[in-house]
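Novice: Can you read through this structure? Questions will come right after.
We did not get these values from a lab; they are worked out from the coordinates using the rules stated. As the structure is a computational prediction, the values presented were derived from the model and not from experiment. Cβ: placed from backbone, ideal geometry, glycine included. Neighbour counts: every protein chain shown.
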Number of protein chains: 2
Amino acid sequence: MAPNRDGESRDQVRLGQLEQLQMLLNRAYLNVDFYRRRMDRLGLQPEDIATFEDFRRFPFTTSGDLAAHYPYGLFAVPLKSVVRLKITHSRDGSPVVVGFTRRDIQLWQNLMARLYTQLGVTDRDIVQVAYNYSLFPGAFTFNHAAEQIGATLAPSAMTSATLQLKIMQDFRSTVLATTPSFAVHILSTLKAARNGRIGQVKSDLRLLLLGPEPVPDETRKLLHDGLQAEVHGLYGVSEMIEPGIAGECRAGSGYHLAEEHFLAEIVHPVSGQPVPAGQEGELVITTLAAEAYPLIRYRTGDVTVLRETPCACGRGGARLGEILRRTDDRLSIRGIPCYPAQIGNILRGLDPSISDFRLLVHRRFGLGDHLDILVARADGRRLAADSRGADLDQMRSTLRRVLGFGARLQIVAAADLPAPGLIEKTVFLDP
Amino acid sequence: MAPNRDGESRDQVRLGQLEQLQMLLNRAYLNVDFYRRRMDRLGLQPEDIATFEDFRRFPFTTSGDLAAHYPYGLFAVPLKSVVRLKITHSRDGSPVVVGFTRRDIQLWQNLMARLYTQLGVTDRDIVQVAYNYSLFPGAFTFNHAAEQIGATLAPSAMTSATLQLKIMQDFRSTVLATTPSFAVHILSTLKAARNGRIGQVKSDLRLLLLGPEPVPDETRKLLHDGLQAEVHGLYGVSEMIEPGIAGECRAGSGYHLAEEHFLAEIVHPVSGQPVPAGQEGELVITTLAAEAYPLIRYRTGDVTVLRETPCACGRGGARLGEILRRTDDRLSIRGIPCYPAQIGNILRGLDPSISDFRLLVHRRFGLGDHLDILVARADGRRLAADSRGADLDQMRSTLRRVLGFGARLQIVAAADLPAPGLIEKTVFLDP
């Protein structure tokens with residue numbers, strides 16, 4: 001692992017990043033046709049990029065580029081050197097494959113171990129990881145890093161909130177890693193239990209690690225007060241690593257970025273130009289150290305602010321602010337990402353007579369908690385149990401299987417569909 | 001890791017086991033109250049056990065013993081040394097916690113890596129692991145061991161059969177690890193695809209690794225012919241490790257047991273006495289090397305045969321035959337174990353007016369594929385939507401959440417319940 005550069009000056013850090021960037025561009029030029037063609041088209045050689053300003057001539061990489069090179073087109077090493085593959089989705093729902101070498105996995109695991117350590121997690125802690133491992137492979141990183149620092153792992157996975165509380169109590173878990181929405185659900189269940197329905201519940205919990213969703217302030221306060229535990233967010237990108245790109249320290253004023261491995265830029269989502277320091281824009285990340293799946297100027301779709309002022313915790317280095325919103329229409333239902341286009345493709349694949357649909361997200365504390373899908377069919381039939389249409393139950397179970405969560409599904413007359421636009425979208429004006 | 005003893009004579013292997021057994025008994029006596037009390041009660045000291053015959057005086061450990069010491073009562077090391085916890089269930093559905101030290105995890109991972117290697121899996125293979133990681137934590141061992149031998153891992157997890165086929169084709173997976181029933185489901189989906197519904201599906205698959213359920217001969221042949229791949233079974237015990245205790249070699253005449261780590265006995269399920277060589281009985285295992293969670297004479301509930309004749313593959317050592325059946329009423333629905341008592345507890349916890357229930361397992365190719373639950377209520381009401389009873393939908397969703405699979409649930413009049421005994425039970429006569 002590269003040395004922790006917390007003691008270095010800003011200039012030293014930036015110089016180190018530039019050196020790594022040049023190596024990355026060389027590797028990408030040699031090993032990935034996609035990047036080589038882009039550089040050739042611009043008449044750029046890796047050695048032409050000597051400054052961060054030069055680097056801005058390099059085009060962005062988008063979610064669509066990733067899907068267009070499915071499965072292995074963007075890999076920079078032979079498959080033989082890849083020890084782990086991960087499947088995620090592009091914005092239209094088509095699959096994207098991310099690969100990791102043994103060294104990649106070790107690097108990312110070290111980053112998570114460092115985040116644990118910075119938050120005071122030691123070999124005396126009992127870490128409860130409450131994620132769906134199938135839908136959030138980042139959960140594996142929580143496991144491996146906890147084992148690496150010698151903490152005890154209670155991988156409670158996707159069991160119910162009641163069982164999570166039982167595990168928390170019986171095992172005396174001190175750290176809980178989960179999504180913000182599931183943490184809120186556990187808290188409600190705990191409150192009900194304390195009101196005498198299950199009996200007094202005692203908890204040794206002292207630290208909540210929340211991701212991959214952002215943690216709204218209201219949720220943070222609710223969880224802090226209700227669970228009497230520190231609440232810290234982690235940031236990752238499923239196409240790179242999650243968690244581990246950045247994490248909050250105990251001072252709670254931003255997500256410290258692992259700058260020796262990730263180069264961050266904030267750009268205007270429409271113009272692609274850098275925004276003035278301290279202003280919000282889309283986070284663009286370049287993986288400086290990834291061997292198998294290097295991403296150059298990847299548009300994360302997350303809108304945030306980059307701060308370079310020293311943190312109250314004493315460390316310098318860049319920090320990300322909270323993720324304010326998305327630049328696209330990605331939804332997140334109980335921590336699981338999905339896109340309207342993806343749901344539309346599933347619905348029409350099952351029943352070609354579906355003419356239109358609306359998604360209604362019922363949020364609690366700012367989190368996507370329930371999804372209602374209203375569907376209209378071209379022939380106006382309210383029930384889909386005829387020979388042409390898929391049965392409602394089958395549609396529900398397919399949606400559950402593909403998306404990973406259940407949705408309420410109703411067939412309505414086209415005239416009864418609400419006006420479009422109920423999904424909050426982030427709109428940036430042209431500059 | 002202890003040396004692979006394949007080259008040793010039977011006598012050398014047995015002598016090595018006896019040495020490890022004495023160390024195990026000493027550790028258990030010193031560190032686990034439960035075992036010390038049992039030895040004290042029998043007036044046994046660890047040093048009194050000098051032969052395998054002496055060892056037969058040691059009482060069995062049962063699933064109930066494990067649940068009675070929930071959560072940490074049977075741990076032989078301080079929690080600080082435990083890096084992973086795993087939750088499983090005893091036969092009445094109550095939770096059991098198994099712990100692993102860092103050394104335990106490395107040992108078990110080495111065993112799985114050895115099983116891969118013996119089946120010819122190398123760093124050129126692409127291993128697709130299609131399990132529910134929440135319900136079958138053994139899936140983690142498939143992952144880690146594949147990474148250890150440098151194979152590429154495609155952890156496709158619990159996605160649909162259609163996506164599994166897409167992954168298999170796009171990634172050119174050569175090895176698929178999954179349950180026998182899901183493998184059959186993938187095969188049916190593939191056959192449908194080949195008949196033109198999705199298009200021609202090409203597969204590079206050459207090896208199927210199946211567990212944790214036994215693989216009936218009919219299923220094995222069906223999968224071998226349909227997928228044109230070798231089919232091999234693995235054996236594990238969720239209270240010890242899974243997979244990795246034993247695995248089939250390419251000669252296909254039994255599951256080679258990792259004898260340097262596990263001592264196997266076959267006993268009559270009622271009398272507990274050893275059965276004559278080559279006859280079937282209950283498998284009893286002692287973990288010789290487990291640090292955190294040693295189990296002494298643990299009754300696995302699995303009925304099989306132990307063979308000590310040399311294998312056609314050239315290796316000596318003990319082999320397990322196929323698991324013929326269970327000594328208890330454990331069911332397995334699509335690879336997920338459950339017990340009738342557990343289901344009864346869930347049902348009555350939701351609706352105290354439930355007076356009786358029946359489980360109907362619809363099997364395909366000898367595998368549990370669908371579970372029907374028929375429920376009768378004391379007041380004879382057919383619908384449960386009154387104030388006392390839980391709504392049917394709520395019962396279904398609770399069952400799905402707790403069991404990990406969906407069941408068809410119907411309320412029927414008590415008189416309409418079929419006679420009990422539809423669940424096949426293994427009956428042993430008193431000797």
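Novice: Taking H as built 1.01 Å from N, whose amide H comes closer than 5 Å to the amide H of B:Val231, not counting residues under 5 places away?
Specialist: B:Leu208
Novice: Calculate how many DSSP beta bridges within chain B are antiparallel, expressed in % of all such bridges and rounded to the nearest 5.
Specialist: Of those bridges, close to 70 percent are antiparallel.
Novice: Related question: Run the numbers for A:Asp379 and A:Leu392: contour at 0.36 nm per residue of separation, minus the present Cα-Cα distance, in nm.
Specialist: Values: separation 13, 0.36 × 13 = 4.68 nm, distance 1.60 nm.
Contour length minus Cα-Cα distance gives 3.1 nm.
Novice: Would you please classify the overall shape of the range B:201-352 from the alpha carbon gyration tensor, given that a ≥ b ≥ c denote the square roots of the eigenvalues, rounded means a/c under 1.5, and beyond that prolate means a/b larger than b/c while oblate covers the rest?
Specialist: Verdict is oblate for the range B:201-352.
Novice: Nearest the rotation axis from A to B, which residue of chain A has its beta carbon, and at what whole-angstrom distance?
Specialist: Rotation axis A onto B, closest Cβ, rounded to whole Å: A:Tyr133, 2.
Novice: Next up: For chain A, what does the alpha-carbon gyration tensor say about shape, rounded, prolate or oblate, given a ≥ b ≥ c as the root eigenvalues, a/c under 1.5 as rounded, and a/b over b/c as prolate?
Specialist: oblate
Novice: Something else about it: Please report the relative contact order for the range B:137-193, taking Cα pairs under 8 Å with a sequence separation of at least 6, and give it as a percent rounded to a whole number.
Specialist: Details: 21 pairs, mean separation 17.1, N = 57.
Here the relative contact order equals 30 percent.
Novice: Per residue of B:131-141, what is the mean number of Cβ atoms on other protein chains within 10 angstrom of that residue's Cβ?
Specialist: The shielding value for this peptide is 4.
Novice: May I ask you to derive the relative contact order of the range B:25-154, considering only C-alpha pairs under 8 Å and at least 6 residues apart, and to give it as an integer percent?
Specialist: 17 percent.
Novice: Could you work out how far apart the two model spin labels at A:Asp33 and B:Asp170 are, taking each label as a point 7 Å from the Cα in the direction of the beta carbon, and quote it in nm?
Specialist: 1.7
Novice: Given contacts defined as C-alpha pairs under 8 Å and at least six residues apart, what's the relative contact order of chain A, whole-number percent?
Specialist: Working: 819 pairs, mean separation 55.7, N = 431.
Relative contact order, chain A: 13 percent.
Novice: Under the Karplus relation 6.51 cos²θ - 1.76 cosθ + 1.60, θ = phi - 60°, what is the ordered set of whole-Hz ³J(HN,Hα) values for the range A:240-250, x standing for Gly and Pro?
Specialist: 10, 9, 8, x, x, 5, 7, x, 6, 9, 6
Novice: So, one more: With a point put 7 Å past each Cα toward its Cβ, work out how far B:Arg400 is from A:Leu42 in nm, to one decimal.
Specialist: 4.8
Novice: What are the distances, in nm and sorted shortest first, from the label point of B:Glu19 to the label points of the same position in each other copy, with each label point placed 7 Å from Cα along the Cα-to-Cβ direction?
Specialist: 5.1
Novice: Using a cut-off of 16 Å between alpha-carbon atoms, which aspartates and glutamates can reach B:Lys191, once sequence neighbours fewer than 8 places away in the same chain are excluded?
Specialist: B:Lys191 reaches B:Asp204, B:Asp225.
Novice: Helices from chain A with mean Kyte-Doolittle at least 0.0 and a Cα length along the axis of 20 Å or more, per DSSP H: which?
Specialist: On the way: long enough: A:10-31 (31 Å, -0.57); A:102-118 (24 Å, -0.84); A:180-194 (21 Å, 0.60).
The answer, listed by residue number, is A:180-194.
Novice: Using the alpha-carbon centroid of each, what span in Å lies between the range B:228-249 and the range A:226-292?
Specialist: Cα centroid of the range B:228-249 versus Cα centroid of the range A:226-292: 42 Å apart.
Novice: Filter the trypsin sites (Lys or Arg not before Pro) in the range A:217-294 down to the DSSP loop ones having no more than 16 other Cβ atoms within 10 Å, then list what survives. Show your work: numbers first, answer last.
Specialist: Working: sites: A:Arg220, A:Lys221, A:Arg250; in loops: A:Arg250.
For trypsin sites (Lys or Arg not before Pro) across the range A:217-294 that sit outside H, G, I, E and B with at most 16 neighbouring Cβ atoms in 10 Å, the list reads A:Arg250.
Novice: How large is log10 of I(q)/I(0) for the protein assembly as shown at q = 0.04, 0.05, 0.09 Å⁻¹ when the intensity is taken from the Debye formula with one equal scatterer per alpha-carbon?
Specialist: The Debye formula, applied to the Cα set alone, gives -0.19, -0.29, -0.99.
Novice: Over the whole of A:80-89, what's the average partner chain Cβ count within 10 Å per residue? Rounded to a whole number, please.
Specialist: Neighbouring Cβ atoms belonging to other protein chains average 6 per residue here.
Novice: Now, a different point. Summarise the partner chain shielding of A:98-110 as one whole number: the mean count of Cβ atoms from other chains within 10 Å of each residue's Cβ.
Specialist: Partner Cβ neighbours, averaged per residue: 1.
Novice: Can you give me the long-range amide H partners of B:Phe262? Hydrogens built in the peptide plane at 1.01 Å from N, cutoff under 5 Å, separation of 5 or more residues or another chain.
Specialist: It is B:Leu288, by chain and number.
Novice: What residues qualify as long-range amide H neighbours of B:Ser355, i.e. H under 5 Å apart, gap of 5 or more or another chain, H built at 1.01 Å from N?
Specialist: The list, which skips near neighbours in sequence, is B:Ala376, B:Arg377, B:Ala378.
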